[in-house]
Amino acid sequence: MANLRTNNLFGESGQDSNGSAVFDGSNHLTAANATAFRVNQGSSEDFTIEAWIYLTATPVGANARIASIYHTSGNQRSYMFYIHTDDQLKFNYASSGTAGSVSTLAGGTVPHNQWVHVAVTHDSSATTVRLFKNGLLTAADTGAHATYHANTSGDFTTGEDFTGNISNLHITRGTCKYFDTFTPSKEPIEEDSNTTVLCLNSRFNPLSDDKSNTFTQTSDGAVKASSFIPFDRADSGNIFNGPIKHNTQGYMYFPSGRTEERGRGRAIWGGGSNGSSNELSTMDYLHIQSSGNAVTFGELSDSRNEVRACGSSTRGVWAGGRSPHPSVTDVMDFVEIVTTANAVDFGNLTVARAAVAAVSNQTRGCFMAGFVSSNTNHIDFITIATTGNATDFGDTLGNYQAQGRAMSPTRGLAAGNYGASNLIEFITIATTGNSTDFGDRTIAAFSLSGTSDNTRGVFTGGQNPSGSNVIDFVTMATTGNATDFGDLITANGSSHADTSNSIVGCIGGGQSNTNTIEKITIQTTGNAVDYGDLTVGRAQLGATSDSHGGL
């Protein structure tokens, strides 16, 4: 009997609306001071403040506030639940509103780029305030103030000086939910009879609050709603009480039907140039399952061309390039693919270089060869989920640049070389070491690109010496020469960037600074067809997706 995967289905109540709010470090939400936000004010009471947070940058110059009524002017300190400028989780609270009456609990370092459950509770029966990080009791004050200063004039704020996502900010006045170490629920936080605030929980509206509190933004549109959430969705035990509908297109997306692939299909292009010494930071994205034009995603951390990208199902990483031309850079920056935003610093390559071949599986990204002051054979790697500098992996067969790439969950392939070569070589992504000969392309070329599903690698175009429209393919598990696949739309097939959703390959930009996106179906040989346009025509860009290479 087959199992019905129900995560991507919904009944009469509609699709899952749960989400988070994305804060940029400069803008936040405020609410007029009201009793809903005034924990332990006027009487000694139990309370709980909790949320899921996804911090992407250390607060600079000011504390990143999760929830607070805390204004230093006029002795208006009450309480502040926040991340300190050293990334420490802390809770400050004041009995009289003055600096001298403030007590502080410290809960340890909050890691970047991962969801963390944070909570603070007051247990009035034990006169104790407790601080929790991912359910672990990290600090307690057993001599807690009986009441906090009733700061009735200062606004409540959330997300102030915070960079990243906050989801399901929950305040209860009258309930102490946690007394000792616990396991945070992997479901959205539910209200109880004492819940006064439940906000930052909508994928559609960052101002939404289940308790009808009114929030405003410091700058219209600056705080954005996101579908990026920390919660698991169980695959079993669902009961359908009404009509079942799909919340995406009306067919089973991905023939394999693997649950972990549901809802994927976002491709992102970043960087490049649209003229001599005119590097760009532009990032745009496309939902691969639907033809159409790309839309703006954000900006790379700097403008550069000959930049390349790889990624996992959640994160895209751009590496190296020229910034500005002709200088090469070792910069790596990344985005969370599900959330439109500017890229942030990841770390540095082992050697500054441009035009690498970037391959990855779900956990590791590898950057092969490239141009320093001449071609190089360096291979280095990163763990995609963990920011930091790259580590030496091994060497390519020779000194190369401007290669195309393809990848499966186990192998990364690089093809071509500046000056025109038909060489294809490969690495085993999980195992450090030198590359190995794979076979030959049907043509010798450089500045080609490539894409793949979990079995087939497809190489597109290249310069030889002018632009080529040749598409050829290999079966990545079996070494050997490439086979003809079909043709690109035009012979301007170089300096472009390809990616896929494990079924469809998308070829974006390229020679003559085109904005064209072309499409192939990876398992079906044939010519490419027009699929839409990038927001900016450009060449020498990098691309990745949340479902390339059979992730």
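In a residue-by-residue description of segment 486-508, the property of being assigned to a strand (DSSP E or B) and more than 25 Å from the chain's Cα centre (by Cα) applies to at least one position. If the requirement is being of a type in the set (Ser, Thr, Tyr) and part of a strand (DSSP E or B), which of these qualifies: Thr152, Thr138, Thr147? After applying the criteria, what remains is Thr138.
Residues considered: Phe215, Phe204, Phe228. Of these, the only one that is in contact with a Phe, Trp or Tyr (Cβ under 8 Å, 6 or more places away or on another chain) and among the aromatic types (Phe, Trp, Tyr) is Phe228. Tell me which residues, restricted to segment 433-469, are modelled with pLDDT of 95 or more, in a loop (DSSP other than H, G, I, E, B) and crowded, with 17+ Cβ neighbours inside 10 Å. If the condition is that a residue be modelled with pLDDT of 95 or more, in a loop (DSSP other than H, G, I, E, B) and crowded, with 17+ Cβ neighbours inside 10 Å, then Ser435 is the only one that fits. Taking the stated definitions as given, is Thr535 surrounded by 18 or more Cβ atoms within 10 Å (Cβ to Cβ), of a type in the set (Val, Ile, Thr), outside any helix (DSSP H, G or I) and in contact (Cβ under 8 Å) with a residue 12 or more places away in the chain? No; evaluated as a whole, the condition is false for this residue.
Among the residues of segment 158-171, not one is out of contact with any Pro (no Cβ under 8 Å at 6 or more places or on another chain) and surrounded by fewer than 23 Cβ atoms within 10 Å (Cβ to Cβ). Within segment 496-515, the set of residues being among the polar types (S, T, N, Q) and either within 20 Å of Met407 (Cβ to Cβ) or in contact with a His (Cβ under 7 Å, 6 or more places away or on another chain) (or both) comprises Thr499, Ser500, Asn501, Ser502. The residue list Glu299, Glu306, Glu336 contains one member that is touching a residue at least 12 places away in the same chain (Cβ under 8 Å) and within 22 Å of Gly370 (Cβ to Cβ), which is Glu306. Looking only at segment 309-321, decide whether some residue is assigned to a loop (DSSP other than H, G, I, E, B) and buried (at least 24 other Cβ atoms within 10 Å of the Cβ). Yes; the residues of segment 309-321 include at least one that is assigned to a loop (DSSP other than H, G, I, E, B) and buried (at least 24 other Cβ atoms within 10 Å of the Cβ). Inside segment 72-131, can you point out the residues that are without any contact (Cβ under 8 Å) to a residue 60 or more places away in the chain and of a type in the set (Lys, Arg)? Lys90, Arg130, listed by residue number.
Out of contact with any Ser or Thr (no Cβ under 7 Å at 6 or more places or on another chain), in the same structural domain as Tyr285 (by TED's automatic domain parsing) and without any contact (Cβ under 8 Å) to a residue 12 or more places away in the chain: is that true of Thr431 in this structure? Answer is yes for this residue.
Val120 meets all of the listed conditions (1) within 28 Å of the chain's Cα centre (by Cα); (2) in a helix (DSSP H, G or I) but one, namely (2). Determine whether Ser68 is under 21 Å from Ile166 (Cβ atoms) and surrounded by 18 or more Cβ atoms within 10 Å (Cβ to Cβ). Here the answer is yes, as Ser68 does meet what is asked. Within segment 470-518, the set of residues being within 22 Å of Arg411 (Cβ to Cβ), of a type in the set (S, T, N, Q) and buried (at least 18 other Cβ atoms within 10 Å of the Cβ) comprises Thr499, Ser500, Asn501, Ser502. Note on segment 353-393: residues that are surrounded by fewer than 18 Cβ atoms within 10 Å (Cβ to Cβ) and assigned to a loop (DSSP other than H, G, I, E, B) amount to 9. For the residues Thr98, Thr85, Thr109, the requirement of being among the polar types (S, T, N, Q) and over 27 Å from Glu336 (Cβ atoms) singles out Thr98.
Which pairs do you get when a residue that is more than 30 Å from Tyr54 (Cβ to Cβ) and assigned by TED's automatic domain parsing to the domain that holds Phe426, found in segment 344-363, comes within reach of a residue that is hydroxyl-bearing (Ser, Thr, Tyr) and in a strand (DSSP E or B), reach meaning Cβ atoms under 7 angstrom, with the pair 6+ apart or on two chains? Final answer for the pair search is Val351/Thr376; Arg353/Thr376.
The values are calculated or read from the model by the stated rules, or taken from the named source; none is laboratory data. Keep in mind the model is a prediction, meaning the values are calculated, not measured. When we count neighbours, we look across all protein chains shown, and the Cβ atoms used for this are built from the backbone with ideal geometry, even at glycine.
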